[in-house]
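> Quick one: the structure is below, and I'll ask about it shortly.
All of the numbers you see were taken from the coordinates with simple rules; none came from a lab. As the structure is a prediction and not an experimental result, all values here were calculated from the model. Cβ coordinates were reconstructed from backbone atoms using ideal geometry, including for glycine residues, and neighbour counts include every protein chain displayed.
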Amino acid sequence: MFESDVIIIGAGAAGLAAARDLQKAGLYVRLLEARDRLGGRIWTRRTESDPVPVELGAEFVHGKPDSTFRILKAAEIETVKSAGKRLLFDGRELRPQPDFWEIIERVNSQIEPKPDIAYSEFLTNAKASGSEKKMSRSYVEGFNAARAELISAPAIRIADEAAAEIEGDKQFLIPAGYSALIDWLACTFDKEALHLETEVRQVKWERGGVTVTAEAGLGMCHFSAPRVLITVPIGVLRASPGQRGAIVFDPPISAKLAAAGSLEMGHVVRLTCRFRESFWNAFKPLGFTTSSGAAVPTWWSREALGSHTLVGWAGGPAAERLLSGSESEITRLALTSLSSMFNVSESRLNELLISVGYHNWSADPYSRGAYSYPRIGGIDAARILSLPMDDTLFFAGEATDANGHGGTVHGALESGERAAGEIVGSCRQAM
Ligand SMILES: Cc1cc2nc3c(=O)[nH]c(=O)nc-3n(C[C@H](O)[C@H](O)[C@H](O)COP(=O)(O)OP(=O)(O)OC[C@H]3O[C@@H](n4cnc5c(N)ncnc54)[C@H](O)[C@@H]3O)c2cc1C
């Protein structure tokens with residue numbers, strides 16, 4: 001009666017990890033993806049003119065998460081440790097900052113599990129100097145793509161503890177590009193069962209049966225299965241009916257939307273700037289380099305991959321200030337930031353600049369932001385979001401990670417594997 005055992009909505013890291021496990025368990029899976037490509041917020045741009053692949057989304061493997069390294073190992077995908085000096089621009093010059101992690105740890109280790117307060121409120125009473133608080137705030141906002149007034153301080157504590165367990169202070173790059181991981185996850189997938197450019201509009205469901213309506217090309221199509229796995233980002237889950245990408249659930253899934261409302265979609269501007277030469281030679285190896293007053297406040301190099309490339313990053317409020325601008329306006333502000341930090345004229349930087357890789361994830365209807373973070377009071381939201389409904393609706397995606405790894409690729413992969421396990425268990429029980 002059903003044409004597949006499971007429908008998966010979204011072919012990002014979570015959807016593909018789930019699809020792989022479900023196929024291995026012998027289930028027939030149909031994968032519906034709105035974009036014309038796989039990977040979602042993992043998107044490596046490979047062009048003939050770029051010697052090194054350009055990441056438009058995720059770039060780092062944060063620490064040594066088993067979920068990611070298991071795949072990288074099986075796929076024989078090489079990783080390179082990203083290393084370099086951490087520098088701070090003090091308004092006059094760039095200075096090494098060897099005690100950066102010590103300061104962040106000292107400040108954030110003061111976060112108590114309760115009460116659930118905003119990070120900004122926690123900072124007000126934290127024992128730290130003004131400059132240490134400023135540094136911690138800028139780090140938390142940049143890394144979590146969050147507003148300090150909104151993000152839950154205890155959630156940061158949970159994420160810090162989770163990161164410590166996987167050596168989260170180490171960062172790894174994938175020379176072949178992050179999409180190599182996506183390609184490997186998808187390589188055994190039955191192409192007949194993969195539907196790209198298929199935007200899901202409606203999920204009509206009752207216990208044991210789902211009909212998914214999607215727009216593909218010029219027409220609407222319908223898919224049915226006893227179970228569906230939803231992996232779309234929370235920005236999409238929360239989109240109003242009629243907006244691109246929005247999915248109408250019939251009957252509604254109010255508890256899930258309430259949980260999604262306790263999470264926030266963070267914003268990021270990430271620019272990959274390739275230059276003719278490394279004008280930052282004097283500072284090599286260049287690690288994370290910050291200027292809190294700059295429009296694009298954080299920079300790092302991809303020199304571990306042998307390229308003259310700098311990545312500029314603005315997360316949280318810094319990104320929100322930039323996002324209304326066009327790509328060329330943002331690029332201009334990025335070069336102004338670099339010019340003052342590295343004391344190189346803007347005209348020289350313009351001469352040296354070969355290409356810029358940028359994607360506006362906040363304006364992208366299928367992501368509606370960069371990645372999620374828990375708001376005050378949202379510490380349990382990811383767990384609630386992850387719970388299956390009536391053995392019929394299942395949920396995965398980075399925002400459903402309840403183990404402190406939300407907002408990451410490994411969090412997304414783990415959520416996909418977790419959901420696949422739930423679905424297989426539910427199928428066995430039904431037999
Ligand atoms: C700029 C940027 C930098 C990042 N850097 C890092 C990093 O260095 N390290 C790290 O670990 N993480 C990083 N992340 C976060 C990481 O990319 C994500 O957490 C992860 O890729 C999310 O995977 P997912 O499967 O949960 O969601 P997604 O990858 O968003 O997959 C969901 C899929 O659902 C599809 N979809 C949406 N709506 C519909 C619809 N209506 N119908 C059908 N399909 C739909 C989307 O097109 C998408 O393909 C970064 C993210 C961004 C944006």
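> Just to confirm my numbers, what's the Cα centroid distance between the range 203-227 and the range 1-68 in Å?
21 Å
> While we're on this one: Highest mean first, how do 412-424, 11-23 rank when packing is the count of other Cβ atoms within 10 Å averaged over residues?
11-23, 412-424
> Also, quick follow-up: For the range 301-431, what's the radius of gyration and Dmax over Cα atoms, in angstrom?
Gyration radius and largest Cα-Cα distance of the range 301-431: 20.7, 70 Å.
> Show me, for the range 4-9, the HN-Hα J-couplings you get by feeding each phi into the Karplus relation (A = 6.51, B = -1.76, C = 1.60, θ = phi - 60°), rounded to Hz, glycine and proline as x.
8, 7, 9, 10, 10, 9
> Helix 13-24 sits at what angle to the longest principal axis of the chain, using alpha carbons and giving 0 to 90 degrees rounded to 10?
40 degrees
> Further question: For the range 1-150, I need the span (max minus min coordinate) of the C-alpha atoms along each principal axis, in Å, sorted largest to smallest.
Principal extents (largest minus smallest coordinate, Cα): 65, 47, 27 Å.
> Compute the Kirkwood hydrodynamic radius of the range 97-165, taking the inverse of the mean of 1/r over all pairs of distinct Cα atoms, and give it in Å to one decimal.
The answer is 11.9 Å.
> OK, next. Above 16 Å lies some portion of the pair distances; for the range 59-136, what is it as a whole percent of all C-alpha pairs?
So the portion of pairs separated by more than 16 Å is 66 percent.
> Rounded to the nearest 500, what is the 222 nm mean residue ellipticity of the chain from helices alone, with -39500 (n - 2.57) per DSSP H run of 4+ residues and division by all residues?
-9500 deg cm²/dmol
> Also: Using the per-residue mean of other Cβ atoms lying within 10 Å as a proxy for protection, in what order, highest first, do the peptides 40-46, 297-303 fall?
Order by mean packing, descending: 297-303, 40-46.
> The range 77-154 to the range 302-350: how many Å between their Cα centroids?
Measuring centre to centre over Cα atoms gives 21 Å.
> So what J values fall out for the range 254-262 if you push phi through Karplus, 6.51 cos²θ - 1.76 cosθ + 1.60 with θ = phi - 60°, rounded to Hz, Gly and Pro as x?
Taking θ as phi minus 60°, the curve returns 4, 5, 5, 5, 5, 5, 4, x, 8 Hz for the range 254-262.
> Stretch Arg95-Lys204 to full length: gain in nm at 0.36 nm per residue minus the Cα-Cα span?
Residue separation times 0.36 nm, minus the Cα-Cα distance, leaves 33.5 nm.
> Counting only residues 5 or more places away or on other chains, whose amide H sits under 5 Å from the amide H of Gly57 once H atoms are built in the peptide plane?
Amide H neighbours of Gly57: Trp43.
> Skipping prolines and chain starts, which residues have an amide H placed within reach, meaning under 5 Å, of the one on Ser372, given they are 5 or more residues away or on another chain?
Gly266, Gly407
> For Ser4, which sequence-distant residues (separation of 5 or more, or a different chain) have an amide H within less than 5 Å of its own amide H, given hydrogens modelled in the peptide plane?
Amide H to amide H, under 5 Å and 5 or more residues apart or across chains, Ser4 pairs with Ser224.
> Something else: Helix 409-430 versus the longest principal axis of the chain: what is the Cα-based angle in degrees, 0 to 90, to the nearest 10?
10 degrees
> Using alpha carbons only, how many degrees (0 to 90, rounded to 10) separate the axis of helix 327-342 from the longest principal axis of the chain?
40 degrees
> On average over all directions, what projected area in square nanometres does the chain have, based on the convex hull of its Cα atoms?
About 20.5 nm², averaged over all directions.
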